[in-house]
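Structure first, then comments.
The values are calculated or read from the model by the stated rules, or taken from the named source; none is laboratory data. Everything numeric in this text was worked out from a predicted model, so none of it was measured. All Cβ positions, even for glycine, are placed from backbone atoms using ideal geometry, and neighbour counts span all protein chains on display. Just so you know, the surface numbers come from the protein's heavy atoms only, side chains and all, with ligands and any DNA or RNA stripped out. Shrake-Rupley method; radii C 1.70, N 1.55, O 1.52, S 1.80 Å.
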Amino acid sequence: MRIAVLALQGAFREHEEMLSRLDVSSFEVRQTGDLSAPFDGLILPGGESTVQGKLLRETGLFGPLRERIAAGLPVFGTCAGLILLAEEIENEAVRHLALMKIRAVRNAYGRQLGSFFTEGAFDGGASVPMTFIRAPYIAAAGEGVRVLSVTDGRITAARQRNMLVTAFHPELNDDLTVHRYFLEMVREAKAAAAGNAAAV
Ligand code: GLN
């Protein structure tokens, strides 16, 4: 298994470290040429979604990545990555990949609570540490979106088919639960693809 980590800006190294702790190899994506070797999943890290959206367009990565995600490539967007994937952004004119049926609100916790730490259930399981940094939240989730975490009454993790998003940063804490969950999505997608190939 090989995971691509978008490395245009933001907290991509921390994701690579989480993957290496799980014995999964990863590589950094900065230009379209980086997409030539096969890979099984993609991480869109936290950072600044406006900058990342601009760089995605300038590098030409926007189209190929959007196409692959739309075709079923498993993707995990944290924080800014959640905003990149959202079909709607409440307080922003520009949308980006716009593939996931969620309405995101940027910088939703305001200035005073710009960054904070809490713990909460993920996918109905045990509590996981959650670090929020000028984080968005999900104001509305459309059909086919499964809510995985709610923090102070707001949706902070969700999944729609091959797309997983968290408003918090699991890569900034020690707990591997969310990365394990993503890798399970990747394994399922790989198994399904192998099944389809065998059926042809
Ligand atoms: N506030 C950032 C944005 O709007 C997201 C913050 C983050 O990724 N930590 O893009």
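Overview of results
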quantity	calculated
q = 0.22, 0.26, 0.27 Å⁻¹, region 49-117: log10 I(q)/I(0) [Debye, one scatterer per Cα]	-0.97, -1.23, -1.29
Label-point gap, in nm, between E143 and M1 - each point 7 angstrom along Cα→Cβ	3.1
Equivalent-ellipsoid semi-axes of region 48-200, from the Cα gyration tensor, Å, largest first	25, 20, 13
Rounded Å value of the spacing that divides the Cα centres of region 179-193 and region 1-73	16
Positive-end extreme of charge dipole, region 1-142 - chosen from A70, S49, I133 (charges on Cβ)	S49
Under-5 Å amide H pairs with I89, H placed in peptide plane, nonlocal only	A104
Residue-normalised accessible area of the chain, given per residue in Å² at a 1.4 Å probe	45
Segment A199-Q31, extension gain: residue separation times 0.36 nm, minus the distance between their alpha carbons	57.0 nm
At least 20 Å along the helix axis (C-alpha) and Kyte average at least 0.0, DSSP helices within the chain	177-199
Amide H partners (placed H, <5 Å) of L42, local residues excluded	A4, V75, F76
For the chain, share of DSSP beta bridges that run antiparallel, in % to the nearest 5	55
Contour minus Cα-Cα distance for R187 and A126 (0.36 nm per residue)	19.7 nm
Within the accessible area of region 40-153 (1.4 Å probe), percent carbon and sulfur	48
Global size of region 1-102 as Cα Rg and Dmax, reported in angstrom	12.8, 40
